[in-house]
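Enquirer: First the structure, which I've put down as structure tokens, then a few questions once you've had a look.
Rule-based calculations on the coordinates, nothing more; no lab input. Every value quoted in this text rests on a predicted model; they were computed, and no experiment measured them. Don't worry about glycine lacking a Cβ; one is built from the backbone with ideal geometry, like all the others, and counts go over all protein chains shown.
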Amino acid sequence: MFSFFNRYIKYFFSTKKIIEKKYTPHNYIEVSLYKGHLVLDSQNTNYSYGNLHKVFQYAFKKIPFDKNIVKEVLILGFGAGSVASILKKELKCNCNITGVEIDNEIIKLAKKHFGLDEIKGIKVYNDDAFNYLEKCNKKFDMIVIDIFADHKIPSLFNSEVFLNKVYEILNNKGRVYYNRLCYDFESKRAGREFEIKFTSVFKNSVIIKRGIFSKNKIYHGTK
């Protein structure tokens with residue numbers, strides 16, 4: 001009886017239960033309860049609070065930052081606020097966070113299901129990331145890039161033009177964490193090409209990977 005109960009509990013908490021789903025102008029997205037936690041997913045990948053959360057937890061632990069220096073943070077591809085939650089709630093970073101998210105439905109879901117409005121010091125703009133950079137007149141100590149259309153990165157955000165825009169608004173000694181997915185031959189080839197561009201723009205470049213089987217790579221560099 002006890003073993004049956006344990007199997008039932010394990011099944012209950014490991015099965016994905018959809019809470020809300022939407023087809024937006026940009027994507028298919030869904031909020032689900034998975035292993036007792038709410039997550040935001042697209043059709044083929046996790047957007048917030050699932051595996052992505054663990055990837056950035058690992059990246060910030062692998063290459064930590066001085067919380068006394070990092071005062072202004074920009075998150076391009078804000079999602080439901082997973083990275084902001086790590087910085088504010090887990091790492092207790094007393095920083096101002098500017099988030100940019102192209103999909104307004106995701107911002108609404110972040111407020112409805114993930115308590116975005118409860119986290120102080122965050123301002124989220126419903127805008128395209130490149131458009132935001134072109135008109136941005138602010139400098140940042142840290143820039144986190146997590147821009148995906150489902151599981152793919154739009155070509156513009158692979159370009160040196162984009163990386164140079166990021167470099168321009170980064171403070172001296174500021175740092176960048178850029179998340180990418182490498183899941184097949186084409187994405188791995190694109191990743192190798194991107195690495196050449198990234199290392200030519202940012203100093204002290206390092207690739208962070210959470211285990212040999214992880215499909216995520218975080219590219220870290222400084223100005």
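Enquirer: How many angstrom separate the Cα center of the stretch 32-90 from the Cα center of the stretch 101-162?
Expert: 13
Enquirer: Here's something else I'd like to know. Filter Lys16/Lys123; Lys71/Lys135; Lys197/Lys223; Lys62/Lys223; Lys17/Lys108; Lys16/Lys108 down to the pairs with a C-alpha to C-alpha distance above 24 Å, please.
Expert: On the way: Lys16/Lys123 30 Å; Lys71/Lys135 21 Å; Lys197/Lys223 14 Å; Lys62/Lys223 19 Å; Lys17/Lys108 20 Å; Lys16/Lys108 21 Å.
Listed pairs above 24 Å: Lys16/Lys123.
Enquirer: Which of the three applies to the chain, rounded, prolate or oblate, going by the alpha-carbon gyration tensor with a ≥ b ≥ c and a/c under 1.5 meaning rounded? Mind showing how you got there, number by number?
Expert: Numbers: a/c = 1.61, a/b = 1.47, b/c = 1.09.
Prolate is the answer for the chain, as a/c is 1.5 or above and a/b outweighs b/c.
Enquirer: Same structure again: Rounded to the nearest 5, what % of the DSSP beta bridges within the stretch 54-222 are antiparallel ones? Don't skip to the end; give the middle numbers.
Expert: Numbers: 12 of 31 bridges.
Among the beta bridges of the stretch 54-222, antiparallel pairing accounts for roughly 40 percent.
Enquirer: Under the rule of at least 5 residues apart or a separate chain, name every residue whose amide H is placed under 5 Å from the amide H of Glu20.
Expert: Excluding prolines and chain starts, which carry no amide H, the hits are Val31.
Enquirer: Rounded if a/c is under 1.5, else prolate if a/b beats b/c, else oblate: with a ≥ b ≥ c from the C-alpha gyration tensor eigenvalues square-rooted, which is the stretch 106-200? Before the final figure, lay out the partial values.
Expert: Values: a/c = 2.10, a/b = 1.28, b/c = 1.64.
Oblate.
Enquirer: Now for a separate question. At Asp184 and Lys62, where each label point lies 7 Å from the Cα along Cα→Cβ, what is the point-to-point distance in nanometres?
Expert: Between Asp184 and Lys62, the simple spin-label model gives 2.4 nm.
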